Amino acid sequence: MRRWGSAIAAVVLVTALGACGDDEEGTGSASGSASGSASASASGVGACEPVGEGGGTTVAVTLDEWKVAAEPASVAAGKVTFDVRNEGEEAHELVVVRGVAPSDLEVVDGKVDEDALPAGAFIGEVEAFPAGEACEGTFELAAGSYVLFCNIVEEHEGEPESHFQEGMVTTFEVR
């Protein structure tokens, strides 16, 4: 009986770690280098893992099929906390990129290639979290233009479904 408990715990741990995707620097990386986002579905996504320590200006971000909305759409430079709410029916994430227009983002197999971003453009991300939940990501943002998007690609009815290409992207201004 004890072996089964250990085996079940190992399967749960492997499943939870798998939900973190291929993010090279760990969940919710806020570094200045690009990292891969997880391809996820609602069944393989863990609970919210907040990024940063909070504080600063709060921006309410709503994720839903197929939109990203930020309110306000412009804030002063400094510490910014994105209060992200997943109001959709699927898991979503929030990626923050500086200085690149949505139309200039390189997309490979439906996913924005975060490794192809210019140096310093990748600010960070709030990793995928389940529908109906909320999560926060706090980042130090300099003045400039930003893009906020969901970079999940999943299979839907046997076909790849790119959240970014479905319209889960918006611009955001820091002054």
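The values are calculated or read from the model by the stated rules, or taken from the named source; none is laboratory data. Note that this is a predicted model, so its numbers are computed, not measured. All Cβ positions, glycine included, derive from the backbone under ideal geometry; neighbour counts span all protein chains shown.
Cβ separations smaller than 8 Å between residues 6+ apart or across chains give the following pairs from region 66-95 residues that are under 15 Å from Gly132 (Cβ atoms) to residues that are at pLDDT below 95 and in a strand (DSSP E or B): Glu90/Glu154. Take Lys111 and tell me if it is surrounded by 15 or more Cβ atoms within 10 Å (Cβ to Cβ), out of contact with any Leu (no Cβ under 9 Å at 6 or more places or on another chain) and more than 16 Å from Thr170 (Cβ to Cβ). Criteria met by Lys111. Taking the criterion of being surrounded by fewer than 16 Cβ atoms within 10 Å (Cβ to Cβ) and small (Gly, Ala, Ser), the residues of region 114-133 that qualify are Ala116, Ala119, Gly120, Gly132.
Among the residues making up region 140-163, those that are more than 16 Å from Pro72 (Cβ to Cβ), at pLDDT 95 or above and either of a type in the set (Phe, Trp, Tyr) or assigned to a loop (DSSP other than H, G, I, E, B) (or both) are Ala142, Phe149, Cys150, Asn151, Ile152, His163. Among residues that are more than 15 Å from Phe149 (Cα to Cα), surrounded by fewer than 20 Cβ atoms within 10 Å (Cβ to Cβ), at pLDDT below 95 and not hydroxyl-bearing (Ser, Thr, Tyr), Gly46 is included.
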